[in-house]
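Asks: Would you mind keeping the following structure in view while I ask a few things?
FYI, it's all coordinate maths here, none of it is from the lab. The model shown is predicted, which means the values in this text are computed figures rather than measured ones. Don't worry about glycine lacking a Cβ; one is built from the backbone with ideal geometry, like all the others, and counts go over all protein chains shown.
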């Protein structure tokens, strides 16, 4: 087994033998991986030996080497002489079973399956360690942007206190289009689907579960906390309108889906939510389907990692980079710490806030809202109202001085009872 | 020798034994490394065992553990039981001799010495390999920004064609101050020196040799070309004036010291030079002493790495991250390819250009300059002249359509003969 043995060779004898690679899942990323391996065919250390997918007859491409074994059977892959299995099926099962069995049978694994790693990463890394195999998952977060290895290796010497980023290109594309074209959320989503930037069922993207899985992985590796994606607070971008951008611009901000993982004083806070981002922040300038991650370390300060967060080719770069690590036996890949940093998870975070209301106008509305907020000890910062809207559905914005989420939630319970609201208020934290 | 042995242990038995670290050079970075190790003292895998510096009596700090051995003798460090030597002396000798001897005696080495690695990296990496030791030099480029490991590991699967960045915080600080405060280069330099952002002798920073060393290391690791810093074209920022920013703003640009390494069609081009950067580029927004590197890969597209490029604490993060790699024996660190990508080095690059003249005004100047440029087959793009200057020293700008450096150099030879120039023209490429 070249992969396992080479890792325990002394440095003078790196494994020069060929590493056989089985690719399971031949969709956008899978075929990009095959193309990238084809483009690197002069490097004889990697050889694509097996491709596994349903309906292989439909999938076979003419440029793929003729000596590749095509199969529709995962069992054949597991029983094969491949050294590394690339898992690109997505979803939980049978991907989970495939990765477990491959590791148990002495094969290394490279995967781009963020849900699998977010939910079962520690178990699978332990299994990899027991079987002296490599488990690579750099492609799970931010596509081609090498942020996981950056946090794990390049910034290993620091103590990271916060990781914040734009981790979902679909949401960033939709929000960018609402901002640029003044369109509705629904139209922007439809456009994104037509352009191939959003899936037929976009729920996981727009409601935050996709970014939450990536954030949980980032937090495990960077903050060294033991977190499940279920502990990530998720708020949808469904209710964001073009007018939210107009009001955001008024106060020097834009709106982005922001993922934040914070560790301070033994308290961990993880959230994926639409947020107001000041124009001066590098996060404000992330365009289209790009990703950006900003880590903040106690000693190194802010470090940024940016690039293409999705797409076949950039994700294939991350997969093949992991594959090279597996084949060279250079490292054991990302290791979880022996003991996670002990912490308590909180959903109660202090921040200034943006509140957008749509009301049937009548006298006393500001007084009523101000009273409800005051009873929860929340201070108003400003009231913004742009002209040109009908009195029957009048939008306006209140910005709040920093308050805790719990205070705001209490106030919102009271506010929900007011009969002048024509729709539920939209609330977003304002980043500093 | 824990360090060497641990690297050939199988993954199940990671070296848990203490790794003794000798620190040579106790200046800004050295004392930051000691502080960071002190802050990490719960991690018993690393122990600072020796500190070597001149005048140790003056250097001893009260917070440093009392069991550290202080010495003024490099020979004592080399003869000690330290597993890893951190070289933070800077300069060529005796740093070169120290690193060579340490590796030969079976010690791993971590260094922040960019000139040493730029000039002798391949030789020293080979020596490390022969002696089965780790040589870490992540701190040599962009301080705390993990760009070297990002290029070497995270983007290993791609083919990088260009690396471009802002690699010198001193120049960026000086140019930012000229732009913001409209001050002269000399005043901005003096201010930078007083603020601790420029050294007493700033030559290497402002004339480009500092960035050239970093660029050569980036190009070796990222483009896999065998390059010496002497092959990097360097142009100084000394002649940049506040008025260059005024003209740059006119065409939607700013001025930055830009380092570029390009590999295309077997031709490599490396340069450090003041350049016009469009406001939309992330490079335009790099403020103060920050660093940013943008790599462009054939498959992954643009990837950015940004953060604090200098300073004690960020550089210490890079040093300690390498130290952890050395101590854990996780990897062999950065390895140069068995064979460099064959290429020819060129100093002749095609780009649009900015030319700024200061002249004693009289009729026919534009015609004379235009004629000289036309004879070298260079097309003018625009002529810009801002009002409010004396006719005895009148500045104006000509922008050129893309031309080769050789064409421009020929035209400049002819232009230098004109008696209406009151100073040498300033030329800069305009990035796209």
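Asks: Between residue B:93 and residue B:130, how high is the FRET efficiency from 1/(1 + (r/R0)^6) when r is the Cβ-Cβ distance and R₀ = 30 Å? Nearest 0.05.
Replies: Numbers: r = 22 Å, r/R0 = 0.72.
Computed FRET efficiency for residue B:93 and residue B:130: 0.85.
Asks: I've got another one for you. How tilted is helix B:209-218 with respect to the longest principal axis of chain B? Cα atoms for both, answer in degrees (0 to 90, nearest 10).
Replies: 60 degrees
Asks: Run through the other copies and list how far each one's label point is from that of residue A:406, in nm with one decimal, shortest first; the point sits 7 Å from Cα along Cα-Cβ.
Replies: Copy-to-copy label distances at residue A:406, shortest first: 7.4 nm.
Asks: Apply 1/(1 + (r/R0)^6) to the Cβ-Cβ distance of residue A:424 and residue A:296, taking R0 = 30 Å, and write down the FRET efficiency to the nearest 0.05. Write out the running numbers ahead of the final one.
Replies: Working: r = 33 Å, r/R0 = 1.10.
The value I calculate is 0.35.
Asks: Over all directions, the average projected area of the alpha-carbon convex hull for the protein assembly as shown comes to how many nm²?
Replies: On the way: hull surface 158.8 nm².
Here the figure is 39.7 nm², rounded to one decimal.
Asks: Let's test the formula: R0 of 22 Å, r as the Cβ-Cβ distance of residue A:391 and residue A:249. What FRET efficiency results, to the nearest 0.05? Before the final figure, lay out each step's value.
Replies: Numbers: r = 24 Å, r/R0 = 1.07.
Plugging the Cβ-Cβ distance into 1/(1 + (r/R0)^6) gives 0.40.
Asks: Considering only DSSP beta bridges with both partners in chain B, what is the antiparallel share in %, to the nearest 5? Please list the in-between numbers first.
Replies: Details: 48 of 72 bridges.
Counting DSSP beta bridges with both partners in chain B, the antiparallel share is about 65 percent.
Asks: In whole percent, what relative contact order does the range B:350-429 give with Cα contacts below 8 Å and a gap of six or more residues? Please list the in-between numbers first.
Replies: Details: 137 pairs, mean separation 41.3, N = 80.
Dividing the mean separation by the residue count of the range B:350-429 yields 52 percent.
Asks: Taking a point 7 Å out from Cα toward Cβ as the label site, list the nm distances between residue A:348 and the same residue in every other copy, smallest first.
Replies: Sorted ascending, the copy-to-copy spacings read 7.2 nm.
Asks: Continuing with the same structure: Tell me the relative contact order for the range B:147-307 as a rounded percent, counting alpha carbon contacts under 8 Å between residues six or more apart. Intermediate values should be presented prior to the final figure.
Replies: Working: 293 pairs, mean separation 55.0, N = 161.
So the answer I get is 34 percent.
Asks: What does the copy distance list look like for residue B:90, label position 7 Å along Cα→Cβ, in nm and ordered from shortest?
Replies: Those separations, rounded to one decimal, come out as 5.3 nm.
Asks: Could I ask something else about it? To the nearest 10 degrees, how steep is helix A:365-375 against the longest Cα principal axis of chain A, on a 0 to 90 scale?
Replies: Helix A:365-375 sits roughly 70 degrees off the main axis of chain A.
Asks: If you don't mind, there's one more thing I want to ask. How far, in degrees from 0 to 90, does helix B:95-104 lean away from the longest principal axis of the Cα atoms of chain B, to the nearest 10?
Replies: Value to nearest ten degrees: 40.
Asks: Now for a separate question. So how far, in whole Å, is the C-alpha centre of the range A:364-401 from the one of the range A:113-141?
Replies: 48 Å
Asks: How big is the gap, in Å, between the Cα center of the range B:271-345 and the Cα center of the range B:28-73?
Replies: 28 Å
Asks: What does the extension gain come out to for residue B:123 and residue B:39, with contour length at 0.36 nm per residue minus their alpha carbon separation?
Replies: Numbers: separation 84, 0.36 × 84 = 30.24 nm, distance 3.44 nm.
Result for the pair: 26.8 nm of gain on full extension.
Asks: May I ask you to derive the relative contact order of chain B, considering only C-alpha pairs under 8 Å and at least 6 residues apart, and to give it as an integer percent? Could the numbers behind the result be given before it?
Replies: Values: 893 pairs, mean separation 75.0, N = 432.
Relative contact order for chain B comes out at 17 percent.
Asks: Oh, and also: Among A:321, A:80, rank each residue by its count of other Cβ atoms within 10 Å, from fewest to most, as a rough exposure measure.
Replies: Values: A:321 26, A:80 19.
Least to most surrounded, the residues fall as A:80, A:321.
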